[in-house]
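Notes follow the structure.
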Amino acid sequence: MKQWYCSVCHETFNGENKPTTCEVCHADDRMIMNMEEVPQSLEQVRDLARKKLKGICAAYPSCDGSFDKICQREAYGKPIGLGGVGQGLSFRANAEALADIQLNMSVLGNHFEPDTSCSFIGIDLKFPVLSSSTAGVQKYNDALDETMFCTSVLKGSKEAGTIGLRGDTWFYTPEDNPSLNAMKICDGYGIPIFKPRSQDVLKKLIEKAENYGCKAVGVDLDGCGSTIMALHGQPVFKKNVKEIEELVKFTALPFIAKGIMIPDEAQKCADAGASVIAVSNHGGRVMDSTPGVAAILPLIRKKLGNSVTITADGGVRTGYDVLKMLALGADAVFLGRDIIRAAVGAGALGVQLHLEHIKKTLKKAMFMTGTKNVKMADSRIIFKHN
């Protein structure tokens, strides 16, 4: 008699044949594996993802958008996959901006155990890293169902001691939105980030999020550059300050303005009442030739001071990268591509394993820079070239 494991809800089943669906969470057989094959390490999770994402992502040790990577090779007329738009200059700029930053190693002083805990818009987290608002993974080799992908991210994030954001894409509709479906399954423990649809559509989606008990809502303002949305009858729009203010006033939930790359626009969003300014160039997926997020982040922090919560994403792959973003001015950091690979490889278990690895390396980075808690992460720990 074989034992089977659901990587979404962690239930186990006995039987000679692989179950077609999980009896508990209703995940299909793509999320069910033989108990003997359940990954015990992050490397095993990545190996599984590599197989499922063949031709789309090879889960390289260095995810930097270089031309020699599968995701970034020229492929005219084909979907962008996990790569960056155009030549991938924005994708690479994110990685390069972080790589150029060096940390000061501090070895003198009293011994201590780094405290990675933090509060994010009133939510207590074990560490300041959230799963970012990715979407559309169902279309990657049909590797997994979209709602199960979203559910895996939310469950895995919670099990690791943090919270997950969920995104929006062209096959999501107000009536059938996988992100919100997953929020309902997870009792609202998550944060939906919607594309900049019409105001009326956004209000309907925000109302659903409120009804499901979500912790916050937001809009991917840089999603106005998505052409695939309009092609499938899901038009997106640039939003003006008045429209952002309208959405902020419409909901009692904290509002996240995501996709900000200019200090003046960050200030305008803050003035409109946004609780969080998410500094992001959408992983280099909506516009080529932008600066790296790590280069822009300090400018936005300087502009806003401590008046609003700031997050950053783009090129973050390790706990060291997380610490760099915190030192540059972020209150929390979002992870995108790595979370996709983790969820594809092993569902909620994969997401949990990846986030726990990030937390472990963040603690190491904090220890070796003399950073006793996340609030102490500042420019002091960044090496300044003469």
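Only the coordinates and a few stated rules stand behind these numbers; no lab work does. Only a predicted model underlies this, so the values are computations on that prediction, with no experimental measurement involved. Using ideal geometry, Cβ is built from the backbone for each residue, glycine included, and neighbour counts are taken over all protein chains shown.
Ordering 147, 183, 128 by Cα displacement along the dipole of segment 118-381 toward the positive end leaves 128 in first place; charges were set at the Cβ atoms of Lys, Arg (+1) and Asp, Glu (-1). Using a ≥ b ≥ c from the Cα gyration tensor of segment 139-180 (square roots of the eigenvalues), is it rounded, prolate or oblate, where a/c under 1.5 gives rounded and otherwise the larger of a/b and b/c decides, a/b for prolate? Taking the square roots of the gyration eigenvalues as a ≥ b ≥ c, segment 139-180 is oblate.
Which distance in Å, rounded to a whole number, links the C-alpha centroids of segment 60-124 and segment 300-348? Spelled out, the Cα-based centre of one part sits 9 Å from the other. This ranking places 229, 31 by how few other beta-carbon atoms lie within 10 Å of each, fewest first, which gives 229, 31.
Taking Cα centre as origin and charging only the Cβ of basic (Lys, Arg, +1) and acidic (Asp, Glu, -1) residues, the dipole magnitude of the chain rounds to 740 debye.
The helix-only estimate of mean residue ellipticity at 222 nm for the chain, built from DSSP H runs of length n ≥ 4 each weighted as -39500 (n - 2.57), is -11000 deg cm²/dmol after division by the residue total. Taking every alpha-carbon pair under 8 Å whose residues sit at least 6 apart, segment 1-86 reaches a relative contact order of 18 percent.
Once you've got the Cα coordinates, tell me which of 126/258; 69/372; 155/258; 54/238; 184/372; 238/372 are over 32 Å apart.
Details: 126/258 23 Å; 69/372 37 Å; 155/258 23 Å; 54/238 35 Å; 184/372 37 Å; 238/372 41 Å.
Checking Cα-Cα distances, 69/372; 54/238; 184/372; 238/372 exceed 32 Å.
Got the relative contact order for segment 118-381 handy, in percent, Cα pairs under 8 Å and 6 or more residues apart? Please report the intermediate quantities before stating the final value.
Values: 524 pairs, mean separation 50.4, N = 264.
Answer for segment 118-381 is 19 percent.
I need the shape label for the chain. Rule: rounded when a/c is under 1.5, else prolate if a/b > b/c, else oblate, with a, b, c from the alpha carbon gyration tensor. Judged from the Cα gyration tensor, the chain comes out rounded (a/c under 1.5). May I ask you to list the residues of segment 244-266 whose amide nitrogen lies under 19 Å from a point 7 Å from Cα along the Cα→beta-carbon direction of residue 123? Under cut-off, by backbone N: 248, 251-260.
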